[in-house]
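> First, the structure itself, so that you have it in front of you.
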Amino acid sequence: MSFLRRVFGGGASSPDPADGADAGIDGQGQAAPEDRDDEARERALLAEDAERLSNSLLARQLRYADRAWTPPAQGGERRADDAQSRDDG
């Protein structure tokens with residue numbers, strides 16, 4: 001409820017005690033310092049990812065990754081340490 005009050009400019013200046021969603025926000029509507037640090041870290045990680053993915057070769061590889069060819073598996077189902085292979089030979 002306090003979220004809607006803040007969005008629509010409602011009159012409650014202090015957070016609604018029944019609203020547990022605002023635990024990280026103080027009475028002024030400001031985020032706690034830990035939350036600000038987390039948000040800054042998230043923004044830095046997103047910026048780093050965007051910079052890393054701006055490489056045209058990498059972007060092309062990611063775009064066509066679902067069409068990548070993989071060689072067929074070699075060998076059969078049986079392995080050297082199977083009990084059946086010991087009985088055969």
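A short reminder: the numbers here are calculations on the coordinates, not readings from a lab. Worth saying up front: this structure is predicted, and the values here are computed from it rather than measured. Don't worry about glycine lacking a Cβ; one is built from the backbone with ideal geometry, like all the others, and counts go over all protein chains shown.
> Classify region 31-85 as rounded, prolate or oblate from the Cα gyration tensor: take a ≥ b ≥ c as the square roots of its eigenvalues, call it rounded if a/c is under 1.5, otherwise prolate when a/b beats b/c and oblate if not.
Oblate, since a/c reaches 1.5 and b/c is not below a/b.
> Any idea how far apart A83 and A44 come out in nm if each label point goes 7 Å out from Cα toward Cβ?
Distance between label points: 5.7 nm.
> Which distance in nm do the two modelled labels at A73 and D35 give, with both placed 7 Å along the Cα-to-Cβ direction?
Here the answer is 5.0 nm between the modelled labels.
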